[in-house]
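To keep things clear, I will list the structure first and then write my remarks on it.
Nothing in this text is a laboratory measurement; each read-out follows from the coordinates by a stated rule. Because the structure is a prediction, the values reported are computed rather than measured. Here the Cβ positions follow ideal geometry from the backbone for every residue, glycine too, while neighbour counts run over all protein chains shown.
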Amino acid sequence: MKTTIILIGLVIAIMGVFGLVLSQGKKKEETKKVTYNKLTPEEERVIVHKGTEMPFTGEYLNNKEAGTYTCRRCGAELYRSENKFDSHCGWPSFDDEIPGAVKRIPDPDGMRTEIICLNCGAHLGHVFTGEGFTDKDTRHCVNSVSLKFIPAGASKTEGKTRMKTQKAYFAGGCFWGTEYYLKQAKGVTGVKVGYMGGDKKNPTYKEVCSGTTGHIETNEVTFDPAKTSYEEVAKLFFEIHDPTQVNRQGPDIGEQYKSVVFYVDDEQKKTAEKLIGLLKSKGFKVATELRPAKEFWPAEDYHQDYYAKTGKEPYCHRPVKRF
Ligand SMILES: [Zn+2]
């Protein structure tokens, strides 16, 4: 009798301890919520609404640094730089993922395979096989805006506080002149001169000048959105060239000197439309075209920093206050 009571007591005690462990485990699960980073409208368009960034415009397209690519939304590690390769498709390409980081699901288009972050479901892009790019014969075609790059050696928090720059593309006549003024703007961290708008790969200055390639002399502006905004840089663009001139700028005549804003996303497009509308309301007959950005081809070295190298002053551009 005594032993039965002791046994029953023991069983009850064990059950109690077991129950406590179970409920604690449950509690732990509840508090382990995924924290999401705040997304910009463009990040949300791609990550949440399964959009696609404009090809050849992504932040990480040509990034060759060693490190890890994490999910922009939840921070989960997705890809390693060792698996990144150049596919010339316009988006960062990887031939393998970090094991268990990426989930494949059939795309609603019925043809492709969509890839999402296994941890939070963020849309990354699509995965393709059988193209023969690398030995692994796999290409994860990933939007830069779905990713956050953490350089090797940097701690996660360092990676987060690292300056995140943005790009803008403007064509406003001879690219030496626009480069000269854009470079001086607050928050602009770099300007390159080059060509955009045509289909010819690696165009030369001579080819572009012949006016047959469809390319236009263009500035690639890199800016720090913490110090300036796309709107500020675009305003400056409209004031350092004359946006009312058609297929020319000052002494330079030809299609390759026309005024164009090449936008990389909807936000940039809307901002440029707003500024053009403002100028029109002030009576300016704006000829500036709005076009989606294409691949930017940097011009030959001797064109970069032309005025700084030669010590000359721009002959083709003169800033005028218009806003
Ligand atoms: Zn994620």
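Could you list, in their original order, any pairs among K148/K200; K274/K294; K280/K312; K148/K321 whose Cα atoms are separated by more than 28 Å? Walk me through the numbers on the way to the answer.
Numbers: K148/K200 31 Å; K274/K294 22 Å; K280/K312 33 Å; K148/K321 38 Å.
Beyond 28 Å: K148/K200; K280/K312; K148/K321.
List the trypsin sites (Lys or Arg not before Pro) within segment 174-281 that DSSP assigns to loop and that have no more than 15 neighbouring Cβ atoms inside 10 Å.
Loop-located and lightly packed - K186, K200, K201, K227.
Could you tell me which residue out of F296, V264, V320 lies farthest along the dipole of segment 206-323 toward its positive end? Charges go on the beta carbon: Lys and Arg +1, Asp and Glu -1, centred on the Cα centre.
Result: V320.
With only Lys, Arg, Asp and Glu charged, each at its Cβ (+1 for the first two, -1 for the last two), find how big the charge dipole of the chain is about the Cα centre; round to the nearest 20 debye.
In total the dipole reaches around 1280 debye.
Set Lys and Arg Cβ to +1 and Asp and Glu Cβ to -1, take the dipole of the chain about its Cα centre, and tell me which of H215, P41, F238 lies farthest positive.
Result: P41, furthest along the dipole toward the positive end.
Taking only the alpha carbons of the chain, what extent do you get along each of the three principal axes, in Å, biggest first?
Largest first, the chain extends 111, 45, 39 Å along its Cα principal axes.
Got a sec to turn the phi values of segment 42-59 into Karplus ³J(HN,Hα) couplings, 6.51 cos²θ - 1.76 cosθ + 1.60 with θ = phi - 60°, whole Hz, x for Gly and Pro?
5, 4, 5, 4, 7, 6, 8, 9, 6, x, 10, 6, 4, x, 6, 10, x, 4
Using the Cα centre of the chain as origin and beta-carbon charges of +1 (Lys, Arg) and -1 (Asp, Glu), tell me which of P251, I116, A308 is placed farthest towards the positive end of the dipole.
I116
Relative to the Cα centre, what is the charge dipole magnitude of segment 253-323, using +1 at the beta carbon of each Lys and Arg, -1 at the beta carbon of each Asp and Glu, and rounding to the nearest 20 debye?
With Lys and Arg at +1 and Asp and Glu at -1, about 620 debye.
Using +1 on the beta carbon of Lys and Arg, -1 on that of Asp and Glu, and nothing else charged, what's the dipole of segment 166-310 about the Cα centre, debye to 20?
It comes to approximately 300 debye.
How about segment 280-314: which GluC sites (Glu not before Pro) there lie in a loop by DSSP and see at most 13 other Cβ atoms within 10 Å?
On the way: sites: E289, E295, E300; in loops: E295, E300.
Of the GluC sites (Glu not before Pro), the ones in loops of segment 280-314 whose Cβ has at most 13 other Cβ atoms within 10 Å are E300.
Taking 1 over the mean of 1/r across every pair of different Cα atoms in segment 166-310, what Kirkwood radius in Å do you get?
15.0
So if R0 is 41 Å, what FRET efficiency would K164 and E82 give, r being the distance between their Cβ atoms, rounded to the nearest 0.05?
That pair, K164 with E82, gives E of 0.95.
So what does log10 I(q)/I(0) come out to for segment 41-161 at q = 0.23 Å⁻¹, using the Debye formula with one equal point on every Cα and no solvent?
Taken in order of the listed q values, log10 I(q)/I(0) reads -1.54.
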